[in-house]
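The values are calculated or read from the model by the stated rules, or taken from the named source; none is laboratory data. From a predicted model like this one, the values you see are computed outputs, not experimental measurements. Counting neighbours? That spans all protein chains shown, and the Cβs are built from the backbone with ideal geometry, glycine included.
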Amino acid sequence: MTYDFDKPVDRRGSGDLKHEVLQERYGRSDLLPLWVADMDWETPSFITNALKQRLEHSLYGYTVEPKEYWPTVQQWIEEHHQWKVEREWLTYIPGIVKGIGMVINFFLKEDEKVIVQPPIYHPFYLTPRGNKREVVWNPLKEIRDAEGKLISYEMDFENLEKICTPRLSTVNAQLSTKRPRLLILSNPHNPAGIVWDKETLQRLAHFAKEHNLIVISDEIHSDMALWNNKHIPFATVSEEAAEVNITFGAPTKTFNMAGIVSSWAIIPNPLLREPFYRWLSANEWDEPHLFAPIATMAALQQGEEWRRQMLHYVEGNIDFLIDYCQKHLPQIKPLRPQASFLVWLDCRDLGLDHKALLDLFINKAHLALNDGEMFGPGGEGFMRLNVGTQRSVLQEALERL
């Protein structure tokens, strides 16, 4: 069937985060919200229908995982990413950010550090800090074209080496015992939409193996590669990658059902997997709630055509955005993403400081976006725009701006 992504959806009264916290977070409620990473289209009907069918049986007691649950996930990953995931590698987790917190608390001593590579999704550094671990920045390096325009980012392996090299303490002239133990990778990258290439991932895996780092690879946007770009699961690029990796994934971004928490972990290495999964099991954090398997199976068994049409519409929105900015807002330069519905806007040519940039978007254009400073060092002068919306809404936002 053909899906209508131009159909407006009124979310008022649904308790949605995108609208309900505008006054609290932005200081006013009369804003067009294009910030938090869910989309303005209805969750696909095949997911809603599967949930309705279960709701018709009006007894919501303890349930077991459906037998088709994990085979469905395994088949999807193999067909879409050519990764044959063994059943024992998989477990449910109650959300990816929660999973990051669990890894930190299980694997890291209090004096061990976490490496993040900004600009980056802000829970990657807020979660470690909230769990009393030190965060070490390894900022991504900007890649520019011949005209000086930002076109992508690359990892800074020279700085990674410096971060992980023991240094003399300034207090007592002894080698510091505080070492990085965990690196959190956004793959594909949020907010810049980068699909990391195999060579980069192999180099990162080799580095992690040499320096005894665990690499969490957040791959929640893996099913949203655009324009024939190809997502590469981190754990597949080498034996070293599989040894150091914990992968997190979910269908919730792709199928617009973030409120139905349905995430998974994949850990090939038994030395990491077995003790961690025992701990999850002991605390019953590996048990999905009633609706997670139902929604997941409906999405992965019936959702391919919807996914393809949705991505095509997102590509059209990105083209529309880039064309509009070139014609009418030349000082704002969108970075064309290789994946996802989030677009990183380079607003530095406006010459505005942080406060003035927020004032432009919030108080003058009446728009709610994520400001770049939220994403750590290197985010200054940027804004993140969610184009997962009706094209008429996107056009209105750009006209306001």
- Task: Answer with yes or no whether residue 288 is crowded, with 19+ Cβ neighbours inside 10 Å, without any contact (Cβ under 8 Å) to a residue 60 or more places away in the chain and closer than 27 Å to residue 222 by Cα.
- Result: no
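If I filter segment 105-114 for residues that are over 24 Å from residue 257 (Cβ atoms), in a helix (DSSP H, G or I) and hydrophobic (A, V, I, L, M, F, W, C), do I get at least one hit?
Taking segment 105-114 first, the residues over 24 Å from residue 257 (Cβ atoms) are 105-114.
Still in the list and also in a helix (DSSP H, G or I): 105-107.
Retained after the next criterion (residues that are hydrophobic (A, V, I, L, M, F, W, C)): 106-107.
Yes, the conditions are met somewhere in segment 105-114.
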- Applying the selection to segment 382-401, what residues are touching a residue at least 60 places away in the same chain (Cβ under 8 Å), surrounded by fewer than 21 Cβ atoms within 10 Å (Cβ to Cβ) and assigned to a helix (DSSP H, G or I)? 391, 392, 393, 395, 396, 398, 400
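Evaluate the following for residue 297: is it of a type in the set (A, V, I, L, M) and touching an Asp or Glu at 6+ places or on another chain (Cβ under 8 Å)?
Working: of a type in the set (A, V, I, L, M): yes; touching an Asp or Glu at 6+ places or on another chain (Cβ under 8 Å): yes.
In short, yes.
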- Query: Within segment 196-232, which residues are under 22 Å from residue 300 (Cβ atoms) and surrounded by 22 or more Cβ atoms within 10 Å (Cβ to Cβ)?
  - Reply: 217, 218, 219, 220, 221, 222, 223, 224, 232
- Kindly indicate whether any position in segment 244-256 is of a type outside the set (Phe, Trp, Tyr), touching a helix residue (DSSP H, G or I) at 6+ places or on another chain (Cβ under 9 Å), assigned to a helix (DSSP H, G or I) and touching a residue at least 24 places away in the same chain (Cβ under 8 Å). yes
- Item | Residue that is touching a strand residue (DSSP E or B) at 6+ places or on another chain (Cβ under 8 Å), without any contact (Cβ under 8 Å) to a residue 60 or more places away in the chain and outside the structural domain of residue 117 (by TED's automatic domain parsing), where the choices are 366, 354 | 354
- Which strands (runs of 3 or more DSSP E) sit wholly inside segment 263-376 and have at least 3 residues that are closer than 30 Å to residue 148 by Cα? 333-335, 342-346
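Is it the case that residue 193 is on the phi > 0 side of the Ramachandran plot, surrounded by 13 or more Cβ atoms within 10 Å (Cβ to Cβ) and not acidic (Asp, Glu)? Let's see the steps before the verdict.
Details: on the phi > 0 side of the Ramachandran plot: yes; surrounded by 13 or more Cβ atoms within 10 Å (Cβ to Cβ): yes; not acidic (Asp, Glu): yes.
Judged against the criteria, residue 193 is a match.
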- Do you know which of the residues in segment 43-99 that are assigned to a helix (DSSP H, G or I) and aromatic (Phe, Trp, Tyr) is farthest from residue 305 (Cα to Cα)? 89
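Does segment 134-149 include one or more residues that are in contact with a Gly (Cβ under 6 Å, 6 or more places away or on another chain) and either in a loop (DSSP other than H, G, I, E, B) or over 30 Å from residue 313 (Cβ atoms) (or both)?
yes
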- Query: Only one of (1) in contact with a helix residue (DSSP H, G or I) (Cβ under 8 Å, 6 or more places away or on another chain); (2) more than 30 Å from residue 185 (Cβ to Cβ); (3) acidic (Asp, Glu) is not met by residue 380, so which one is it?
  - Reply: (2)
